[in-house]
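Report on the structure given below.
The values are calculated or read from the model by the stated rules, or taken from the named source; none is laboratory data. Owing to the predicted nature of the structure, the values given are computational and were not obtained by experimental measurement. Here the Cβ positions follow ideal geometry from the backbone for every residue, glycine too, while neighbour counts run over all protein chains shown.
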Amino acid sequence: MATDLSAGDKAPAFSMPTDGGGKTALKDYKGKALVLFFYPKDDTSGCTKEAIGFSEQRKAFEKAGAAILGVSRDPVAKHDKFKAKHDLTVDLGSDEEGSVTEGYGVWVEKSMYGRKYMGIERSTFLIDGKGKIARVWRKVKVPGHVEEVLDAVKAL
């Protein structure tokens with residue numbers, strides 16, 4: 001399991017279904033930057049704020065040459081509802097079987113109220129047009145994160 005991915009590493013290849021009945025794979029982004037953000041669950045407060053933030057800035061990311069893909073283990077049908085409810089404009093990938101979240105090392109042990117459980121650590125990976133990881137943010141705090149990632153995209 002590649003838990004220690006860092007800048008300069010080759011991004012693990014992936015392929016998964018997306019909202020709206022689509023499919024996406026890392027190779028689809030060849031030649032452009034990809035902001036790959038992992039979030040724990042559709043329609044929870046932090047995840048909603050983050051997805052809305054990336055949606056509001058989507059045009060700025062595109063202008064800077066980057067696509068955005070949000071990933072959780074929620075099924076596609078739940079992504080569709082989440083997108084419709086909050087007018088999200090970013091693509092959402094469904095990693096129900098967990099191979100992508102494990103490949104990127106974001107499926108981790110968490111603890112809440114003393115109970116341990118497995119879940120997605122909110123993380124963002126900036127992947128350059130050649131498929132290399134340019135930047136990694138782990139244990140993301142939502143406020144200011146989208147702007148920080150956009151600055152990093154512009155600096156590529």
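Quick test of your reading of the structure: LEU69 fulfils all but one of (1) closer than 24 Å to ALA7 by Cα; (2) surrounded by fewer than 18 Cβ atoms within 10 Å (Cβ to Cβ). Name the failing condition by number.
Of the numbered conditions (1) closer than 24 Å to ALA7 by Cα; (2) surrounded by fewer than 18 Cβ atoms within 10 Å (Cβ to Cβ), the odd one out for LEU69 is (2).
Is it true that some residue in the range 124-135 is outside any strand (DSSP E or B), touching a Phe, Trp or Tyr at 6+ places or on another chain (Cβ under 9 Å), surrounded by 11 or more Cβ atoms within 10 Å (Cβ to Cβ) and among the aliphatic types (A, V, I, L, M)?
There is no residue in the range 124-135 that is outside any strand (DSSP E or B), touching a Phe, Trp or Tyr at 6+ places or on another chain (Cβ under 9 Å), surrounded by 11 or more Cβ atoms within 10 Å (Cβ to Cβ) and among the aliphatic types (A, V, I, L, M).
Could you identify the single residue in LEU126, LEU150, LEU88 that is at negative phi, modelled with pLDDT of 95 or more and under 12 Å from the mean Cα position of the chain (by Cα)?
LEU126
So in the range 3-57, with the set limited to residues that are touching a residue at least 12 places away in the same chain (Cβ under 8 Å) and polar (S, T, N, Q), which one is nearest to TRP137 (Cα to Cα)?
Here the answer is SER6.
Being over 23 Å from LYS23 (Cα atoms), touching a Ser or Thr at 6+ places or on another chain (Cβ under 6 Å), of a type outside the set (Ser, Thr, Tyr) and surrounded by fewer than 18 Cβ atoms within 10 Å (Cβ to Cβ) narrows it down to one of ARG138, ARG115, so name that one.
One residue alone meets the criteria, ARG138.
Condition first: outside any strand (DSSP E or B) and either in contact with a helix residue (DSSP H, G or I) (Cβ under 8 Å, 6 or more places away or on another chain) or modelled with pLDDT under 95 (or both). Now tell me which residues in the range 103-117 satisfy that.
TYR113, GLY114
Could you check the range 72-107 and list, in sequence order, the residues that are of a type in the set (Gly, Ala, Ser) and either touching a Lys or Arg at 6+ places or on another chain (Cβ under 7 Å) or surrounded by 20 or more Cβ atoms within 10 Å (Cβ to Cβ) (or both)?
SER72, GLY93, SER94, GLY98
Please go through (1) in contact (Cβ under 8 Å) with a residue 40 or more places away in the chain; (2) assigned to a helix (DSSP H, G or I) for ALA152 and return the number of the only condition it doesn't satisfy.
Looking at each condition in turn, ALA152 falls short on (1).
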